[in-house]
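Asker: This is the structure I have questions about; it appears just below.
The values are calculated or read from the model by the stated rules, or taken from the named source; none is laboratory data. Nothing here was measured: the structure is a model prediction, and the numbers come from that model. With ideal geometry, Cβ positions are generated from the backbone for all residues, glycine too; neighbour counts draw on all protein chains shown. Please note that ligands, DNA and RNA were not included when accessible areas were found on the heavy atoms of the full protein model with its side chains. Shrake-Rupley method; radii C 1.70, N 1.55, O 1.52, S 1.80 Å.
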Amino acid sequence: MKSKTTITNSSIVKEISYNHDTNTLYALFNSGSTYEYKDVSEQEYQSIIEDVSVGSKLRKVTANKEYIKQ
């Protein structure tokens with residue numbers, strides 16, 4: 001499994017992990033909740049972690065994605 005985890009400076013998102021094999025993004029929020037988002041491209045993942053506002057970009061990219069709250 002090829003994956004990468006990024007710690008963010010966001011006031012909402014603590015860390016984001018991305019599984020390159022399954023195109024799945026995992027977001028750990030500062031509240032302690034973790035969400036798993038399906039069908040996230042590597043380009044979308046990169047755009048999230050490179051954005052000035054990680055939380056806002058995450059919301060935009062995943063708005064229409066299937067997700068599971070873990």
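Asker: Which whole-number value in Å³ per residue fits the convex hull of the alpha carbons of region 1-53?
Answerer: Per residue, the Cα convex hull of region 1-53 comes to 67 Å³.
Asker: Could you look at region 22-70 and say what percent of its accessible area is carbon and sulfur, using a 1.4 Å probe and all protein chains?
Answerer: Working: 1320 of 3020 Å².
Exposed carbon and sulfur together represent 44 percent of the surface.
Asker: Please calculate how many Å² of accessible area region 1-46 carries per residue, with a 1.4 Å probe and no DNA, RNA or ligand atoms counted.
Answerer: 58 Å²
Asker: Dipole size in debye (nearest 20) for the chain around its Cα centre, Lys and Arg Cβ +1, Asp and Glu Cβ -1?
Answerer: 180 debye
Asker: Could you sort the peptides 38-47, 17-26 by per-residue average Cβ neighbour count (10 Å cutoff), highest mean leading? Spell out each step's value before the answer.
Answerer: Numbers: 38-47: 15.1, 17-26: 16.8.
Answer by packing, highest mean first, reads 17-26, 38-47.
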